[in-house]
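Heads up: the structure comes next, in structure tokens.
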Amino acid sequence: MLDSPDAIAAELADAPPGPDSALPISLLDAATLSHAGRVDLLVALERHAAWVAALQQEVLATMAADPAAAADEVDRSGRDWVRDDVSCALRLSGVTAQRRLDIAGTLVDLLSATLALLRRGEIGYLHALALAEAVDGLDREATAEVEQRALRRAVEQSIAEFRRTVRRAVASVAAASVDLRRAEAMGERRVCVRPRDDGMSELWALLPAEGAAAVIAAIDALASVTSADDPRRADQRRADALVDIAVAALHDPLLPKAQGMRPAIQVTIALSTLLGCDDEPGELAGHGPIPASVARHIAADGTGTWRRLVTDPLTGQLLDYGRTTYRPPRDLAEFVMARDQVCAFPHCSRPAHRCHLDHRVPYAAGGRTSPVNVGALCERHHICKHQVGWRVRRESDGTNTWISPTKHRYRSRPPDLPAATNLTGEPPPF
């Protein structure tokens, strides 16, 4: 037992973060502290989190500056593979890993004063992140001026207050580059979807102002068509109108095809659930689990908008299709894309229908064109496997073991598919 844990917590809240104070912090038990002591411990932990974040930025920046170390000696691709090591090691998507590398490089190379404050625990990582993102595209001189202005009161500002300060500094220092930054921002436009736990999803888009105005105008026009007996609120009609626009686009015969098939949304449902014997959740590609009632409704849709897949009632897995030709036939391609759902590389979320179908053991080396040997890999990770020295082994349970050029091992597996229940109500034996 510590004699005066509250006093120790108060002292640590003011002490510089680092190895000397890390041990005393780990010995404090929040249950033995007063409320005031817990506040001090919280401050001390936050400062140490900032210190650790600063150390991580230096490691990431060093990795980014030495890209040749991320591939083996036979790399013929000419690409930078650092992000793939970071992605696997930290369990991040490739895009997020690259963003972390870019931020670290900016902090180490251009924002040394900001990194010093982070190392001392006087600002948090979110402060450093906000400034690093804001100066992206500015030259070194303008970046230094923005940093000087932004850090004047940074140690006493919340992240929201700091972001406003940063925006003012950028607008003042780089006013002449507004058009250029707009052009650069156009390169960041995107649409993202975030699944929720209630069978709904949130759709987010970063669009040019005029593009967003066009989307809203179209949605409002469709949503304005209503009748006296329509029970929907205006917001509900607008949401439905956006879905209607997308569904209509899916049925456009000129829409580009992927892997020889027109776009469709994949829903997977256990046979027992489809037949109404149980209420196991279905799986909506790109979203995850959905209620059984919703999965049944989608599976019964005959418009061709949805691709229905039913899992084997005995194994909970899709059926196998053995083949002896090099190019996967349509049914094998459909099976592999349905099974893998996304690129087989760890933490890569590129949809399988936008990936290459790769022979894990090359066809020329005797590899069969079968589900066991064919898998989905995006272009980047297809090159990663064949030209950079990464190796992959598929296990019998569907898990992939990836071995990097540094001999680190990472495991990946496709998202789980809904499993049927047998007549006794027990889960299938696999």
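The single condition from (1) modelled with pLDDT under 90; (2) among the small types (Gly, Ala, Ser); (3) out of contact with any Leu (no Cβ under 8 Å at 6 or more places or on another chain) that Ala174 fails is (3). Total residues in region 340-369 satisfying the condition of being under 25 Å from Arg409 (Cβ atoms) and at pLDDT 80 or above: the figure is 19.
Applying the set (1) buried (at least 17 other Cβ atoms within 10 Å of the Cβ); (2) within 22 Å of the chain's Cα centre (by Cα) to Arg91 leaves exactly one unmet item: (1).
Mind checking whether some residue in region 44-53 is over 24 Å from Thr106 (Cβ atoms) and touching a helix residue (DSSP H, G or I) at 6+ places or on another chain (Cβ under 7 Å)? Yes. Any idea which of (1) over 27 Å from Ala128 (Cα atoms); (2) assigned to a helix (DSSP H, G or I) is the one Arg79 doesn't satisfy? Of the numbered conditions (1) over 27 Å from Ala128 (Cα atoms); (2) assigned to a helix (DSSP H, G or I), the odd one out for Arg79 is (2). For region 1-31, a tally of residues being more than 14 Å from Leu45 (Cα to Cα) and exposed (fewer than 13 other Cβ atoms within 10 Å of the Cβ) returns 5. The single condition from (1) within 23 Å of Ala116 (Cα to Cα); (2) at pLDDT below 95; (3) of a type in the set (S, T, N, Q) that Thr32 fails is (1). Cβ separations smaller than 8 Å between residues 6+ apart or across chains give the following pairs from region 179-204 residues that are within 11 Å of His287 (Cβ to Cβ) and modelled with pLDDT under 85 to residues that are among the β-branched types (Val, Ile, Thr) and assigned to a strand (DSSP E or B): Gly199/Ile290.
The set of residues in region 269-284 being surrounded by 20 or more Cβ atoms within 10 Å (Cβ to Cβ), modelled with pLDDT under 75 and touching a Pro at 6+ places or on another chain (Cβ under 7 Å) consists of Ile269, Ala270, Ser272, Thr273. Looking across region 54-86, the residues that are surrounded by 15 or more Cβ atoms within 10 Å (Cβ to Cβ), over 20 Å from Leu107 (Cα atoms) and touching a helix residue (DSSP H, G or I) at 6+ places or on another chain (Cβ under 8 Å) come down to Ala70, Asp75, Arg79, Trp81, Asp84, Asp85.
Looking only at region 375-384, decide whether some residue is over 27 Å from the mean Cα position of the chain (by Cα), loosely packed, with under 14 Cβ neighbours inside 10 Å and part of a helix (DSSP H, G or I).
The answer is no; no qualifying residue exists.
Right, Ala419: more than 27 Å from Trp81 (Cα to Cα), at pLDDT below 85, in contact with a Pro (Cβ under 8 Å, 6 or more places away or on another chain) and of a type in the set (Gly, Ala, Ser) or not? For Ala419, the condition - more than 27 Å from Trp81 (Cα to Cα), at pLDDT below 85, in contact with a Pro (Cβ under 8 Å, 6 or more places away or on another chain) and of a type in the set (Gly, Ala, Ser) - is met.
Restricted to region 195-235, and to residues there that are of a type in the set (D, E, K, R) and loosely packed, with under 10 Cβ neighbours inside 10 Å, the residue that is nearest to Thr96 (Cα to Cα) is Glu202.
Only one residue in Leu129, Leu117, Leu138 is buried (at least 17 other Cβ atoms within 10 Å of the Cβ) and either over 23 Å from Arg47 (Cβ atoms) or touching a residue at least 60 places away in the same chain (Cβ under 8 Å) (or both). Which one? Break it down stepwise before answering.
Details: Leu129 fails: either over 23 Å from Arg47 (Cβ atoms) or touching a residue at least 60 places away in the same chain (Cβ under 8 Å) (or both); Leu117 fails: either over 23 Å from Arg47 (Cβ atoms) or touching a residue at least 60 places away in the same chain (Cβ under 8 Å) (or both).
Residue meeting the stated conditions: Leu138.
Consider Leu107 carefully, then state whether it is under 24 Å from the mean Cα position of the chain (by Cα), under 29 Å from Val146 (Cα atoms), surrounded by fewer than 14 Cβ atoms within 10 Å (Cβ to Cβ) and in contact (Cβ under 8 Å) with a residue 24 or more places away in the chain. No, not satisfied.
Can you tell me which residues in region 390-406 are out of contact with any strand residue (DSSP E or B) (no Cβ under 8 Å at 6 or more places or on another chain) and modelled with pLDDT of 85 or more?
First, pick out the residues of region 390-406 that are out of contact with any strand residue (DSSP E or B) (no Cβ under 8 Å at 6 or more places or on another chain): 396-398, 405-406.
Result: Pro405, Thr406.
A single member of Ala30, Ala61 is free of Cβ contacts under 8 Å to residues at least 24 places away in the same chain and more than 15 Å from Arg120 (Cβ to Cβ), and it is Ala30.
The values are calculated or read from the model by the stated rules, or taken from the named source; none is laboratory data. This structure is a prediction, so every number in the text was calculated from the model and none was measured. Cβ sites come from the backbone with ideal geometry, for glycine too, and all protein chains shown count toward neighbours.
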